[in-house]
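**Student:** Let me give you the structure first, and then I'll get to my questions.
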Amino acid sequence: MLNVAVLISGTGSNLRALLEQTADPAYPARVVVVGADRDAPGLQHAADFSAPSFSVPYTAFSTREEWGEALAEQLRAWEPDLIVLSGLMRLLPPQVVSEFAPRIINTHPAYLPEFPGAHGVRDALAAGVDQTGASIIQVDDGVDTGPLLAQERVAVLPGDTEESLHARIKPVERRLLIDVVRRIATGDIDLTGARA
Ligand code: GAR
């Protein structure tokens, strides 16, 4: 069984999909803890599934490094096999990445390397492209630059808003995330030598 820690900042709808999947005894991973960098509404999903949770508020620390050390201390206590950044809207400091890499993955609402960063959906719309996508990557020290584990195209439709487009991307992200976590658990994806 793969023990997964999930980090969020927001509504955690993708986290919820993963929690629902892990309720299936045939699924080879379970969520051991959910963490957030703020009082995120998505922490309620952890409570709904009786999963432990914690919050390490970014604004309570004077530097990103101090926040990262407090976050790492929480994570260490749960000894996760994998850390999933599922809408964590903060860059992990390098010392946290180096402590847990290569066992950190991130979901992103664009077809990387297109439109990295905090506004992947908005940036795709602003660029006027007719297709964007969803990606799951391994986390490195860059901004959405790590090795790709899975990705899929999503069409941009006439009249799309950031909200409508994101709402169509998220189900694709969920499907890819659930599949990637399963493949990591079964050894089909080897994070020490990641391949798509
Ligand atoms: C997801 O689309 C995730 O890929 C994105 O935030 C959303 C979280 O949704 N992450 C990023 O943009 C990271 N750069 P959720 O809170 O409803 O799961």
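A short reminder: the numbers here are calculations on the coordinates, not readings from a lab. Worth saying up front: this structure is predicted, and the values here are computed from it rather than measured.
**Student:** Per 0.36 nm of contour for each residue apart, how much would the distance between Asp190 and Thr145 grow if the chain were fully extended, relative to their Cα-Cα spacing?
**Tutor:** Answer, rounded to one decimal: 14.4 nm.
**Student:** Just how many % of Cα pairs in the chain lie over 19 Å apart, if you round to the nearest whole percent?
**Tutor:** 58
**Student:** While we're here: Tell me the Kirkwood radius of region 151-195: reciprocal of the mean inverse pair distance over distinct alpha-carbon atoms, in Å.
**Tutor:** After inverting the mean inverse Cα-Cα distance, the result is 12.2 Å.
**Student:** Would you kindly state how much longer the chain becomes between Met1 and Asp24 on full extension, computed as 0.36 nm times their sequence separation minus their alpha carbon distance, in nm to one decimal?
**Tutor:** 7.0 nm
**Student:** Expected output is a single nm value to one decimal: the length gained when fully extending between Arg183 and Gln131, i.e. 0.36 nm times separation in residues minus the C-alpha distance. What is it?
**Tutor:** Extra length from Arg183 to Gln131 when fully extended: 16.1 nm.
**Student:** I would also like to ask the following. Tell me, how many Å apart are the Cα centres for region 1-40 and for region 156-188?
**Tutor:** 15
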